[in-house]
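Computed from the coordinates by the stated procedures, all read-outs in this text should not be read as laboratory data. Every value quoted in this text rests on a predicted model; they were computed, and no experiment measured them. Note that each Cβ is placed from the backbone with ideal geometry, even for glycine, and that neighbours are counted across all protein chains shown.
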Amino acid sequence: MRLARTIVLLLEGLLWRATHLRALGVHLVEALGDADETPRNVAGIMLAKSGHAAVPLLREALAQGRHLTHVLTLLGDVGDASVEQDIAALTSDPRPDVAQAARYALRVIALRRTPPYREAGR
Amino acid sequence: MYEQPGGDFHTYMLDNVLSDLYDQPDRFEWSGGYSDAARALAAQSLYAWAQSHGLSDPLLMGHSHGANVMFIGSTLGLDMREAVLLSCPVRWPPYVPDFSRIGRTVSIRVHLDLVILADGGGQRFDDPRVEENVLPVWFNHSATHDPAIWQAHGVDALI
């Protein structure tokens, strides 16, 4: 584990959640491609905790094909109906992991529309 | 266990700790999602996977929120002789298990896990039904599925 990178991402994530400053969010999205599980997870958690604020950055990453499985997973966790079409387009992707992540994201979004998740916002 | 057969940790566990570890390509896996809904869906899938494979009273091992997926699974009716939790974020509620369906619960973690810190979960289970084991390792969320850490600290003996 790269301790310094993880701590920097943790601090950037806290700042991102407080300010929604684009550069910080972009850095977190890029960290979704980190080979090291610990900083990658910290970035994912911080994006997820920022909720809908992360959606524009995640959609950009989706359109550019960056870190697709992680981006799709996060869009399932924080996205809404506005992203379903983009996600659905990837359910038949030739890469099995991408197609599976897309299908799973749609199922998570659908479940999040139902109680108790809808009320809890999670 | 969540890890892909053939991976370092899976191989270590199969060769040294759990000779009956599931090693077929249709292993259980989940998205690793960051929402309660993702974990609830995963728990439903885990329960269905266990049913379809005819597993009765397995030992289940999960890392991070994968361990909470096992806990949710217990509330759906999934029985397990042992639940091994690796670096599991403590979220009670909503992830309180049905202990009547779990024979033994073992938690293995490190000091001040930075991923759990970011996630906002607790690190210590305040319940006598959970056996707490804290390795002499700091910060590293991945350490609990590192074969070198298992060897160095005799983790095999804890489960």
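Details
- 20 °C / 1.002 mPa s Stokes-Einstein diffusion coefficient of chain A, Kirkwood radius on C-alpha pairs, µm²/s: 148 µm²/s
- Charge tally in the Cβ shell below 12 Å around A:THR6, where Lys, Arg are +1 and Asp, Glu are -1, A:THR6 excluded: -2
- Once C-alpha pairs closer than 8 Å and six or more residues apart are averaged by separation and normalised to the residue number of chain B, the relative contact order reads 18 percent.
- Placing +1 on the Cβ of every Lys and Arg and -1 on the Cβ of every Asp and Glu, with nothing else charged, gives the protein assembly as shown a dipole about its Cα centre of roughly 880 debye.
- Region B:102-107 - phi-based ³J(HN,Hα) in whole Hz, Karplus 6.51/-1.76/1.60, Gly and Pro as x: 10, x, 8, 10, 10, 9
- Tail fraction, Cα-Cα pairs, region B:8-152, threshold 22 Å, whole percent: 36 percent
- Around the Cα centre of region B:43-159, unit charges on the Cβ atoms of Lys, Arg, Asp and Glu (plus for the first two, minus for the last two) sum to a dipole of about 100 debye.
- Summing Cβ point charges (Lys, Arg +1; Asp, Glu -1) relative to the Cα centre of chain A gives a dipole of roughly 240 debye.
- Selection from B:VAL115, B:TYR47, B:ALA152, by position along the positive dipole direction of region B:18-152 (Cβ): B:VAL115
- Note on A:ILE87, A:ILE7: ascending count of other Cβ atoms within 10 Å places them as A:ILE7, A:ILE87, the fewest first.
- Local electrostatic count, A:HIS20, Cβ distance below 14 Å [Lys/Arg +1, Asp/Glu -1]: +2
- Computed over region A:3-120, relative contact order equals 19 percent, with contacts defined as Cα pairs under 8 Å that lie 6+ residues apart.
- Arranged from fewest to most other beta-carbon atoms within 10 Å of their beta carbon, B:ILE72, B:ILE159 become B:ILE159, B:ILE72.
- Region A:34-40 - phi-based ³J(HN,Hα) in whole Hz, Karplus 6.51/-1.76/1.60, Gly and Pro as x: 5, 5, 8, 4, 5, x, 4
- Each of A:VAL83, A:LEU68, A:ALA43 was scored by the projection of its Cα onto the charge dipole of region A:3-120, and the greatest displacement toward the positive side belongs to A:VAL83; charges sit on the C-beta of Lys, Arg, Asp and Glu.
- Applying the Karplus relation 6.51 cos²θ - 1.76 cosθ + 1.60 with θ = phi - 60° to region B:9-25 yields 3J(HN,Hα) values of 6, 4, 5, 4, 5, 5, 7, 10, 10, 10, 5, 9, 4, 5, 9, 8, x Hz, where x marks Gly and Pro.
- Distance between region A:11-79 and region B:45-99 - C-alpha centres, whole angstrom: 28 Å
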